[in-house]
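Structure first, commentary second.
The values are calculated or read from the model by the stated rules, or taken from the named source; none is laboratory data. Small disclaimer: the values here were computed from a predicted structure and weren't measured. Cβ: placed from backbone, ideal geometry, glycine included. Neighbour counts: every protein chain shown. Protein only, heavy atoms only, side chains kept; ligands, DNA and RNA dropped before computing areas. Shrake-Rupley method; radii C 1.70, N 1.55, O 1.52, S 1.80 Å.
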Amino acid sequence: IKIVVVGDVSVLREKVENMFFGAKLASEEINQNVGIDIDNMNYNIELIFKNSGGSAEQGIKVTYELIEEGVDIIIGPTFSSVAIEMAELCVEKNILMMTYSATTPELTFLNDNNLIWRTCPSDHTFGTISAQYCFDSLQYRTASVFFRDDRFGQGLSNIIKANFIELGGNITNYVSYPGDIIDLGTYDLSFELNTLLSQEVDAIFI
């Protein structure tokens, strides 16, 4: 059974490599214990690693290559900004995709024919809980939101914002930073931070 681990290794190397090593360890243990039993037939796992490079275009290209290779299951990708396009193609081509860290709510509501799974919670859940905790448990009433301007950041921040306001809270500033930044340590965030901190608030959602 061909299983591919697709990760944005050129963008987030350390974390993605750990996912690769985990999948490798699991496949080795399964193969050493007679593999996977399907209808009384034993199958070994052939593990393949691919880099989607943090790009939806690269993710689609990799997925087409994998379909040509007769892959059965895709594990990944890492980023929400890559996952949706890959998921849509996997549904079209009847390939099972299981992502370990793409948390975008768009996956939750995708008409996926039960082919798109994930082992992490949706941002729809995470964002709702974050807003409720700050409003109900911490009794905060004002907040600002600072988010990465990409599919992941937009999705999560919109859920937090909508839920906090619905509960009766006030969002004073809603500030983004560019989604294509690789190294935040070298990017000048002065404008964003000055805007974010221009009004006093109880909490900042980042």
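Structure data summary
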{"read-out": "Kirkwood hydrodynamic radius over Cα pairs of the range 5-44, then Stokes diffusion coefficient at 37 °C and 0.692 mPa s, in µm²/s", "value": "287 µm²/s"}
{"read-out": "Formal net charge of residues neighbouring Glu68 (Cβ-Cβ distance under 13 Å; K, R +1; D, E -1)", "value": "+2"}
{"read-out": "Partners for Lys50 among lysines (Cα-Cα distance below 28 Å; same-chain residues under 8 apart left out)", "value": "Lys2, Lys15, Lys24, Lys61, Lys93"}
{"read-out": "Radius 9 Å from Cβ of Pro178, net charge of other residues (Lys, Arg +1; Asp, Glu -1)", "value": "-2"}
{"read-out": "Exposure of Arg148 as accessible area (Å², to 10), given a probe of 1.4 Å and all protein chains", "value": "70 Å²"}
{"read-out": "Degrees separating the helix 56-68 axis from the principal Cα axis of the chain, which is the longest one", "value": "10 degrees"}
{"read-out": "222 nm mean residue ellipticity, helices alone, for the chain (DSSP H n ≥ 4; -39,500 (n - 2.57); rounded to 500)", "value": "-12500 deg cm²/dmol"}
{"read-out": "List Met98, Met86, ordered by accessible area with a 1.4 Å probe, largest first", "value": "Met98, Met86"}
{"read-out": "Acute angle (nearest 10 degrees) that the helix 151-167 long axis makes with the longest principal axis of the chain, alpha-carbon atoms", "value": "50 degrees"}
{"read-out": "Accessible-area ranking of Thr108, Thr195, largest first, probe 1.4 Å", "value": "Thr108, Thr195"}
{"read-out": "Separation in nanometres of the label points that stand 7 Å from Cα toward Cβ, at Ala162 and Asn18", "value": "3.1 nm"}
{"read-out": "Cα gyration tensor of the range 4-107 - equivalent ellipsoid semi-axes, whole Å, descending", "value": "24, 17, 11"}
{"read-out": "Semi-axis lengths, Å, the chain, gyration tensor of Cα atoms, sqrt of 5 times eigenvalues", "value": "38, 19, 15"}
{"read-out": "Where the Cα pairs of the range 100-155 fall when distances are cut into 5 Å bins, in %", "value": "4, 16, 21, 23, 16, 11, 6, 3, 1"}
{"read-out": "Most mobile of Asp180, Asp150, Asp39 in a GNM of the chain (Cα contacts under 10 Å)", "value": "Asp39"}
{"read-out": "Inter-label distance, nm, simple model (7 Å from Cα along the C-beta direction), Phe126/Asp183", "value": "2.6 nm"}
{"read-out": "Charge context of Thr195, other residues only, Cβ under 14 angstrom, K/R +1, D/E -1", "value": "-4"}
{"read-out": "Normalised alpha carbon radius of gyration of the range 116-201 [divisor 2.2 N^0.38 Å]", "value": "1.18"}
